[in-house]
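Below is one structure; the comments refer to it alone.
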Amino acid sequence: MKHIEIDSEDAVQEAISVFKSNFPVLLLRMPAVFVLLAPPTELGIQSLHFVKSRLANKNYGTAIGRIDHFYNMVNHESIPETIKKPSDLELFTGSFVRVLITDSRFNSDLVRNGTHQGVLIPIGPYRRLFIALEDAFAHYCESHLFNGHNYFAPLCTSANISGDPLGSITELNRAIEFGVSRNIPLFISSNQVDTEKGSYPIFFLKKDKVTIERNGPGEEKILGKISSKYLQH
């Protein structure tokens, strides 16, 4: 498993090369948790299934790069009226944002009951990486996965065997052991580490409220920015 720092000038090109290979999965150290990235394609999905020994009835989210592309998928009638433009979603930076993007009867490996979720990280090396991968795959879009939406942000999921009782990987040694054992070709590391560890919280944006679907690090900071009018536990 090749190791490279996210601030390296070669990091983006190395990631793109992996994404264009026959086994397009990489391991990334994010501030709170280790994750896997893969292209939003059938090959990317099947590769993640293999790496994670994926359990049934699970869905993959994406790592939001260009926030306007994510916002353009949203059924705007299904979210709070206060969210009128892409930048309004920045309130939820540091979390997964779940939104309705299509008919509630539609399901795929990336969509559950018409909803999809993407993790939103502050502008910096991570978002720059996600944007570069998104741009590199603009012509590889497999829109049937999103029921017709042309969305191509990288898939993002926790780096662990699906259903592992130990939960998400937050320790470096365990992450490296996992990556080597699953033959992941690239590990992108970072010195940016949060004191709070774990998978990011999930906020579900609905018409009249925002619900917390999963608790996680940084949740309280996000809650402090959201009007209680739209929040329900």
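The values are calculated or read from the model by the stated rules, or taken from the named source; none is laboratory data. The model shown is predicted, which means the values in this text are computed figures rather than measured ones. Neighbour counts are summed over all protein chains in view; Cβ atoms, including those assigned to glycine, are modelled from backbone coordinates with ideal geometry.
Kindly indicate whether Glu220 is surrounded by 12 or more Cβ atoms within 10 Å (Cβ to Cβ) and either at pLDDT below 95 or touching a Pro at 6+ places or on another chain (Cβ under 6 Å) (or both). When the stated conditions are applied, Glu220 does not pass them. Looking at Glu134, Glu220, just one residue is of a type outside the set (Ser, Thr, Tyr), without any contact (Cβ under 8 Å) to a residue 60 or more places away in the chain and part of a helix (DSSP H, G or I), and that residue is Glu220. Every condition in (1) at pLDDT below 95; (2) surrounded by fewer than 20 Cβ atoms within 10 Å (Cβ to Cβ) holds for Ala32 except the one numbered (2). If only residues of region 130-188 that are within 25 Å of Gln13 (Cα to Cα) and among the acidic types (Asp, Glu) are counted, the one that is modelled with the lowest pLDDT is Glu142. Does Leu145 satisfy the criteria of being of a type in the set (A, V, I, L, M), touching a Gly at 6+ places or on another chain (Cβ under 9 Å) and surrounded by 14 or more Cβ atoms within 10 Å (Cβ to Cβ)? No, not satisfied. Of everything in region 61-82 that is closer than 30 Å to Thr195 by Cα and among the β-branched types (Val, Ile, Thr), the residue that is surrounded by the fewest Cβ atoms within 10 Å (Cβ to Cβ) is Ile67. Of all residues in region 188-217 being buried (at least 20 other Cβ atoms within 10 Å of the Cβ) and touching a Gly at 6+ places or on another chain (Cβ under 8 Å), which is nearest to Arg98 (Cα to Cα)? This residue is Ile202.
Going by the conditions given, is Val99 crowded, with 22+ Cβ neighbours inside 10 Å, in contact (Cβ under 8 Å) with a residue 24 or more places away in the chain and closer than 29 Å to Glu5 by Cβ? Considered against the rule, which asks whether it is crowded, with 22+ Cβ neighbours inside 10 Å, in contact (Cβ under 8 Å) with a residue 24 or more places away in the chain and closer than 29 Å to Glu5 by Cβ, Val99 comes out as no. Scanning region 41-87 for residues that are closer than 16 Å to Gln117 by Cα and of a type in the set (Asp, Glu) yields a single hit, Asp68. State all residues of region 60-75 that are part of a loop (DSSP other than H, G, I, E, B) and over 11 Å from the mean Cα position of the chain (by Cα); if no residue qualifies, say none. Listed by number, the residues that qualify are Arg66, Val74, Asn75. The C-beta contact set for region 142-166 (first residue under 20 Å from Ala132 (Cβ atoms) and of a type in the set (Val, Ile, Thr), second residue modelled with pLDDT of 95 or more and part of a loop (DSSP other than H, G, I, E, B), distance under 6 angstrom, 6+ apart or interchain) comprises Thr157/Tyr60.
The set of residues in region 149-201 being hydrophobic (A, V, I, L, M, F, W, C) and touching a Leu at 6+ places or on another chain (Cβ under 7 Å) consists of Leu155, Cys156, Ala159, Ala175, Ile184, Leu186, Phe187, Ile188. Entry remark, region 182-207: residues being under 21 Å from Leu36 (Cβ atoms), assigned to a strand (DSSP E or B) and not polar (S, T, N, Q) number 4 in total.
Residues in region 8-40 that are closer than 21 Å to Tyr126 by Cβ, touching a residue at least 60 places away in the same chain (Cβ under 8 Å) and either assigned to a helix (DSSP H, G or I) or of a type in the set (S, T, N, Q) (or both): Ala11, Val12, Glu14, Ala15, Ile16, Val18, Phe19.
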